[in-house]
Amino acid sequence: MKAILFDAPGDASVLHIGDADRPDLRAGEVRIRVAAAGVNRADILQRRGAYPPPPGATDILGLECSGTIIEIADDVLHWNNGDMVMALLPGGGYAEEVVVHHGSVMRVPGSLSLFEAAALPETFLTAFLNVFQLGGLPDGGALLVHGGGSGIGTAATKLAKAVGATVIVTAGSDWKCQRCMDLGADSAVNYRRDDFLTQVKRVTDNRGVDVVLDHIGGTYFEKNLESLAANGRMVVIGLMGGTSATIDLKRLLARGLSVTGSTLRRKSASAKQSIVSEFINRFGVPLAGGRLRPVVDQVFPMERAAEAHRRMEASDHFGKIVLEIAPS
């Protein structure tokens with residue numbers, strides 16, 4: 001099968017199309033003929049050699065895809081060949097075929113294109129896990145999202161607004177801030193110019209937010225804690241701003257704050273199945289009705305995977321970048 005490969009870590013120029021062995025189908029899995037794959041920052045890190053795949057996962061990039069089921073293990077009962085699906089993957093999406101545990105697979109609703117479907121699993125499930133399951137965002141609560149123009153940021157905004165939350169985001173330019181507002185955010189802060197803590201206090205009448213979804217890490221840590229309301233929770237999902245921070249433990253104790261680190265990729269198949277099931281139970285109806293859909297920035301053919309990576313690295317995108325693996 002054809003796949004997007006790289007022989008050694010490096011910049012985007014190391015990506016090339018080559019031949020790879022078809023993955024073996026194991027118990028509990030389905031085989032998907034891939035139509036499209038979402039591009040994620042984890043792919044960039046893995047290509048650079050900074051984010052190795054979990055044990056047993058393929059070295060091929062790609063944490064989500066859409067496509068058609070073409071083979072099913074004997075013990076899988078609820079899927080059929082020909083089903084149009086989207087899937088959360090531990091790797092392998094940048095290829096013509098992928099195998100994945102059946103519990104990480106979701107049906108593509110008629111309201112979504114295959115490009116939109118490829119942009120959904122990693123970002124929406126990451127947002128759901130961290131904002132709702134770990135963060136415990138209440139209906140009508142308040143959420144601070146860093147990187148509001150990213151795939152995860154746009155997904156978190158949409159999910160939070162679906163439960164009536166107040167959403168404050170940060171972004172790196174005025175045009176991205178405006179796009180975030182157009183998407184439904186209640187406030188958007190250009191972090192290159194303005195102070196997000198000041199805006200959080202203003203928007204929430206000094207109460208603070210219930211949840212902070214943070215991919216920055218060290219440099220934002222103190223202000224993130226100050227942004228939280230009493231009993232608030234900060235969920236750290238990335239470390240773009242550094243790996244070290246100083247914690248005032250008295251603040252955590254006095255105000256009942258919680259700090260959690262989270263990664264979705266390394267969770268077990270059973271844990272991912274549970275996340276998928278709970279996501280569908282809570283948001284399946286608006287998803288099926290087209291009221292929840294990912295923001296697709298641009299679709300690149302697989303031959304231009306390097307260009308897609310460069311666009312993400314330059315932060316020129318808003319929403320999700322998608323690779324077309326099989327022409328539709």
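The values are calculated or read from the model by the stated rules, or taken from the named source; none is laboratory data. Since the model is a prediction, treat every value here as computed from it, not as a measurement. Reconstructed Cβ throughout: ideal geometry from the backbone, glycine too, with neighbour counts over all protein chains shown.
The rows are residues; the columns are (1) in contact with a Lys or Arg (Cβ under 7 Å, 6 or more places away or on another chain); (2) at pLDDT 95 or above; (3) of a type in the set (A, V, I, L, M).
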site: ALA155; (1), (2), (3): no, yes, yes
site: ALA165; (1), (2), (3): no, yes, yes
site: TYR191; (1), (2), (3): no, no, no
site: ARG202; (1), (2), (3): no, yes, no
site: GLY217; (1), (2), (3): no, no, no
site: ALA229; (1), (2), (3): yes, yes, yes
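Can you tell me how many residues within segment 17-43 are under 21 Å from ALA326 (Cα atoms) and touching a residue at least 60 places away in the same chain (Cβ under 8 Å)? So that I can check it myself, show each step before the final result.
Filtering segment 17-43 for residues under 21 Å from ALA326 (Cα atoms) gives 17-25, 30-40, 43.
Going one step further and asking which of them are touching a residue at least 60 places away in the same chain (Cβ under 8 Å), we end up with 17, 20, 22-25, 30-40, 43.
Residues flagged as under 21 Å from ALA326 (Cα atoms) and touching a residue at least 60 places away in the same chain (Cβ under 8 Å) within segment 17-43 amount to 18.
Which residues, taken from segment 239-273, are outside any loop (DSSP other than H, G, I, E, B) and either among the β-branched types (Val, Ile, Thr) or without any contact (Cβ under 8 Å) to a residue 40 or more places away in the chain (or both)? Result: LEU249, LYS250, ARG251, LEU252, LEU253, ALA254, ARG255, SER258, VAL259, THR260, GLY261, ALA271.
Select from segment 140-168 the residues that are part of a loop (DSSP other than H, G, I, E, B) and not hydroxyl-bearing (Ser, Thr, Tyr) and list them in ascending order.
From segment 140-168, those part of a loop (DSSP other than H, G, I, E, B) are 140-141, 146-150, 163-165; that's our starting set.
GLY140, GLY141, HIS146, GLY147, GLY148, GLY149, VAL163, GLY164, ALA165, listed by residue number.
Consider segment 63-77 and keep the residues that are without any contact (Cβ under 8 Å) to a residue 60 or more places away in the chain and in contact with a helix residue (DSSP H, G or I) (Cβ under 7 Å, 6 or more places away or on another chain). The one that is nearest to GLY238 (Cα to Cα) is GLU64. Cβ-Cβ contacts under 6 Å between residues 6 or more apart (or on different chains), taken from a first residue in segment 286-302 that is at positive phi to a second residue that is assigned to a loop (DSSP other than H, G, I, E, B) and crowded, with 21+ Cβ neighbours inside 10 Å, are absent.
For segment 253-279, the set of residues classified as touching a helix residue (DSSP H, G or I) at 6+ places or on another chain (Cβ under 8 Å) and among the hydrophobic types (A, V, I, L, M, F, W, C) consists of LEU257, VAL259, LEU264, ALA269, ILE275, VAL276, PHE279, listed by residue number.
Among the residues of segment 133-143, are any crowded, with 24+ Cβ neighbours inside 10 Å, under 25 Å from CYS65 (Cβ atoms) and in the same structural domain as VAL236 (by TED's automatic domain parsing)? Checked segment 133-143: no residue is crowded, with 24+ Cβ neighbours inside 10 Å, under 25 Å from CYS65 (Cβ atoms) and in the same structural domain as VAL236 (by TED's automatic domain parsing). Between residues in segment 314-328 that are charged (D, E, K, R) and residues that are part of a loop (DSSP other than H, G, I, E, B), which pairs lie under 7 Å by C-beta distance while being six or more apart or on different chains? Listed by first residue and then by second, the contacts come to LYS320/ALA119; LYS320/PRO294; LYS320/VAL295.
In segment 67-74, is there at least one residue being at pLDDT 95 or above, surrounded by 23 or more Cβ atoms within 10 Å (Cβ to Cβ), touching a strand residue (DSSP E or B) at 6+ places or on another chain (Cβ under 9 Å) and within 12 Å of ARG31 (Cα to Cα)?
Going residue by residue through segment 67-74, those that are at pLDDT 95 or above are 67-74.
Restricting the remaining residues to those that are surrounded by 23 or more Cβ atoms within 10 Å (Cβ to Cβ) gives 67.
Filter once more, keeping what is touching a strand residue (DSSP E or B) at 6+ places or on another chain (Cβ under 9 Å): 67.
Subset that is within 12 Å of ARG31 (Cα to Cα): 67.
There is at least one residue in segment 67-74 that is at pLDDT 95 or above, surrounded by 23 or more Cβ atoms within 10 Å (Cβ to Cβ), touching a strand residue (DSSP E or B) at 6+ places or on another chain (Cβ under 9 Å) and within 12 Å of ARG31 (Cα to Cα).
Residues in segment 91-102 that are under 20 Å from ILE280 (Cβ atoms) and surrounded by fewer than 24 Cβ atoms within 10 Å (Cβ to Cβ): HIS101, HIS102. The residue that is surrounded by the most Cβ atoms within 10 Å (Cβ to Cβ), counting only those in segment 280-299 that are out of contact with any helix residue (DSSP H, G or I) (no Cβ under 6 Å at 6 or more places or on another chain) and part of a strand (DSSP E or B), is ASP297.
Number of residues in segment 300-328 that are crowded, with 21+ Cβ neighbours inside 10 Å and farther than 14 Å from ASN40 by Cβ equals 3. Taken over segment 200-225, the criterion of being surrounded by fewer than 22 Cβ atoms within 10 Å (Cβ to Cβ), under 24 Å from LEU129 (Cβ atoms) and charged (D, E, K, R) is satisfied by LYS223 alone.
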